[in-house]
Amino acid sequence: MTSYRFARRLGAVPPSFLGTLFAVSADPSVISFAGGLPSPAVLDADGIARAASEVFAEFGPAALQYATTDGHRPLRAFIADRYRRRLGLDVTAENVQVVNGSQQCLDLFAKCLVDPGDSVLVEAPGYLGAIEAFSLYEPSLVSVPVDELGPDLEVLERIVSGSRPKFFYAIPNSQNPSGLTYPDGARRAVAELLDGSGSLLYEDDAFGELFFDGRPREPIMRRLPGQSVLSGSFSKVLAPGMRCGWILAPEPVLAQFNVAKQAADLHSNLLSQLVLMRWLETHDLDAQCRRVATYYEQNCRALLDALDDRCPELGHTTPEGGMFLLARIPPGISSLALFEEGVRQGVAVMPGRPFYLEGGDDVVRLNFSCVDPGSIDEGVARLSRALRALRG
Ligand SMILES: Cc1ncc(COP(=O)(O)O)c(C=O)c1O
């Protein structure tokens, strides 16, 4: 028997729940609020197909070549220009690097910043994909609780002034998993608190284009320009499978990031970048974002109404955008038990534990982007039956 001597860092990654989730999602009789995919109803397959054929007509084999590490320049310029116009950020194409989905930023950023044992701040609850990506670099992860008021500023201040963490990873817009959005005051306070502290801010803006009211929220980066990075992605609004995201950062950070990116994969998928650029030249991205946000808003409202109606014992967040909400379950019931009983009743929810460094068994995440709108009420009726069964 071969004994595989894997690197110690793999042991630092928390166990993933994804295998169980995929098995559940594959069963068509289960109504699933457990996943996290964008709805196929809003993915513009025809538009992307036309863009792809135009790209081949124009570029031929050049569309299949190797390319530069920092990304297709017109796409970088488009992204920078959009941040300048929409959010008032003082950035150019030089501040943008394209990555294979914003998930890659999490990995490469941590690779550039984190030595084993370094302190890194994550939200509680926080994005499980980030906890996973950072863990591979063996940091000392520290939680900052977040709620409707934003991050707990006392905790943030204490840790920032104490252990001088390398960075604070935050999702101020319609967070995954909670759907929470930082109020404007919390954004200002985070910027003030970090300013000059020696800790960077990593602002993950995966959902900033999906506010139901269409109003962009001010990125914290605007108040902390030299000390923050921001990541974004076309995944949630256009085409997750094309794996096209970006990092926006001060040039000294990008120079290091570029080294890590080159070593990891030379460059992001050129064909995806060319096709996306063509789509952007021939379509209205704002209109597409409105379409997606409106579809998700309707699902979110249906889910909130069904929860208030059928499961009043569940407290829940009220998202202003995005794809998720978090529900708090009554004392005495664990989220894992609710998951298991839910599956018996034909509904799946995501247990809270993977979103926390500690605890989290008293919440579940519900996704509303990828559930069939006609099944939402029935799904919540099943959840209510599962809660009743667990209360005995
Ligand atoms: C908060 C957050 N950040 C980053 C990602 C990664 O997305 P992508 O790599 O598709 O851009 C996700 C995916 O669900 C997410 O929820």
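The portion of the accessible surface of region 65-282 made up by carbon and sulfur, rounded to a whole percent, is 50 (1.4 Å probe; DNA, RNA and ligands excluded). Normalised by the number of residues in region 251-392, the mean separation of alpha-carbon contacts (under 8 Å, six or more apart) gives a relative contact order of 24 percent. 3J(HN,Hα) along region 202-218: 10, 9, 8, 10, 5, 10, x, 8, 10, 6, 5, 8, x, 8, x, 9, 5 Hz, from the Karplus curve 6.51 cos²θ - 1.76 cosθ + 1.60 with θ = phi - 60°, whole Hz, x for Gly and Pro.
Taking all protein chains into account, the per residue accessible area for the chain stands at 43 Å² (1.4 Å probe). Distances between placed amide hydrogens fall under 5 Å for residue 321 paired with 212, all partners being 5 or more residues away or on another chain.
Ranked by the mean number of other Cβ atoms within 10 Å of their residues, highest first, the peptides 4-13, 383-392 come out as 383-392, 4-13.
Basic side chains Lys and Arg get +1 at the Cβ, acidic Asp and Glu get -1 at the Cβ, and with that the dipole of the chain about its Cα centre reaches some 520 debye. For region 65-282, relative contact order (Cα pairs under 8 Å, six or more residues apart, normalised by length) works out to 27 percent. Cα-based radius of gyration for the chain, normalised by 2.2 N^0.38 Å, reads 0.99. How much net charge surrounds residue 36 when only the other residues with a Cβ under 13 Å from the Cβ of residue 36 are counted, with Lys and Arg +1 and Asp and Glu -1? Net local charge, residue 36 excluded: +2.
The values are calculated or read from the model by the stated rules, or taken from the named source; none is laboratory data. This structure is a prediction, so every number in the text was calculated from the model and none was measured. Here the Cβ is made from the backbone with ideal geometry for all residues, glycine too, and neighbour counts use every protein chain on show. Areas reflect the complete protein model, heavy atoms only, side chains present, ligands, DNA and RNA absent. Shrake-Rupley method; radii C 1.70, N 1.55, O 1.52, S 1.80 Å.
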